[in-house]
Amino acid sequence: MKPSAPPPSERSRVRRAEDRGHYDRETIHAIVDAAYLCHVSFVDQRGPLCLPTAAWRVDDHVLIHGSNGSQMMKSLAQGTPACLAITHLDGLVMARSAFSHSMNFRSVVVHGAFEPVPDADKEEMMHRLMDHLAPGRRLEARAPDRNELAATTVLRLPLFEAAAKIRAWGPKDKEEDLSWPVWAGVLPLAQVRQTPRAEACIPADIPTYVQAWAEQQPGPA
Ligand SMILES: Cc1cc2nc3c(=O)[nH]c(=O)nc-3n(C[C@H](O)[C@H](O)[C@H](O)COP(=O)(O)OP(=O)(O)OC[C@H]3O[C@@H](n4cnc5c(N)ncnc54)[C@H](O)[C@@H]3O)c2cc1C
């Protein structure tokens, strides 16, 4: 499979299994949009760290947020070099040989440095997080007040130096292993939305947008 766009930089060029690398915005955006979380790697006075955190996309940036007191937020807000990864595991690939077992996945790696979202844009960015979690909910939930916004750092990382890597096929066995008498194929895996569970004091009727959320199953495009 030929990449649909050139890598944006030498360090973001997928070298290992390069046919799985993709650099076009559409592919990268779709993988980011299907995620609720990312892992951010960086080095601070504690040494190398890789921390999971909630993530969402607005235009050509991935956003994260956290308490002003978070050491991660403080380090990243200063422009510390960072690398962000998002991974969706789509299946376990059972090959004839143990060696050729693999995984199907969609992943994105972004290199760069975060920058703080200006105060004037913070509220809108937090609304966009709510839209990402459950479209429609921001119209009903109490919006963040001035103190809550002031206590929150919102950071954005440009999706410029980004690469996607995708594996979405069955086992690739060596020719001489194809006759080995064992089951081969893919054990598919997916993130599944389940029936919403209301708080005990909430009326039984669930809002349309909650129902819509539950009925929409995310997965590979
Ligand atoms: C669920 C899952 C399971 C995996 N299991 C294994 C495993 O068991 N063993 C193994 O060796 N590899 C595995 N990989 C692949 C792994 O992520 C690396 O792509 C691979 O190890 C190549 O590493 P490298 O240092 O040679 O990368 P290179 O190809 O040299 O990386 C160069 C650049 O390509 C980009 N890049 C590399 N990997 C990815 C990626 N996964 N997604 C997006 N961009 C990327 C980055 O910008 C990176 O800087 C797995 C990936 C996933 C998502």
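What follows draws every value from the coordinates through simple rules; no lab data is involved. Quantities reported herein were computed from a predicted structural model and do not represent experimental measurements. A quick note on method: Cβ atoms are made from the backbone with ideal geometry, for glycine too, and the neighbour counts reach across all protein chains shown.
Phi angles of the range 11-20 translate, via the Karplus equation with coefficients 6.51, -1.76, 1.60 and θ = phi - 60°, into HN-Hα couplings of 6, 9, 7, 5, 9, 6, 6, 5, 5, 8 Hz per residue; Gly and Pro are given as x. Dividing the summed helix terms, -39500 (n - 2.57) for each DSSP H run of n ≥ 4, by the number of residues in the chain produces a 222 nm estimate of -5500 deg cm²/dmol to the nearest 500.
So the label point goes 7 Å from the Cα of Leu37 along Cα→C-beta, right? Which residues of the range 134-156 then have their backbone N under 17 Å from it? Output list for this probe position: 134.
A simple rule links phi to the HN-Hα coupling: the Karplus curve 6.51 cos²θ - 1.76 cosθ + 1.60 with θ = phi - 60°, which for the range 158-171 gives x, 8, 7, 8, 10, 10, 10, 10, 9, 10, 8, 8, x, x Hz, with x for Gly and Pro. The simple Förster model, with R0 at 45 Å and r as the Cβ-Cβ distance, assigns Ala151 and Met103 a FRET efficiency of 0.70. Geometric descriptor of the chain, per residue, is 174 Å³ (volume of the convex hull of the Cα atoms). The distance from the alpha carbon centre of the range 66-117 to that of the range 155-221 is 16 Å, rounded to a whole number.
Relative to the dominant Cα principal axis of the chain, helix 119-133 is inclined by about 50°. A full extension of the chain between Ala168 and Ala54 corresponds to an added length of 38.5 nm, given 0.36 nm per residue minus the alpha carbon distance.
Based on the alpha-carbon set only, what is the convex hull volume of the range 90-221 divided per residue, in Å³?
Looking at the range 90-221, the number lands at 191 Å³ per residue.
Peptides 31-37, 159-165 ranked from most to least packed, by the mean per-residue count of other Cβ atoms within 10 Å: 159-165, 31-37.
How large is the charge dipole for the chain, taken about the Cα centre, if only the Cβ atoms of Lys, Arg (+1) and Asp, Glu (-1) carry charge, to the nearest 20 debye?
500
Under 5 Å between amide hydrogens, built in the peptide plane, is the criterion, and for His61 it picks out Leu159 among residues at least 5 positions away or on other chains.
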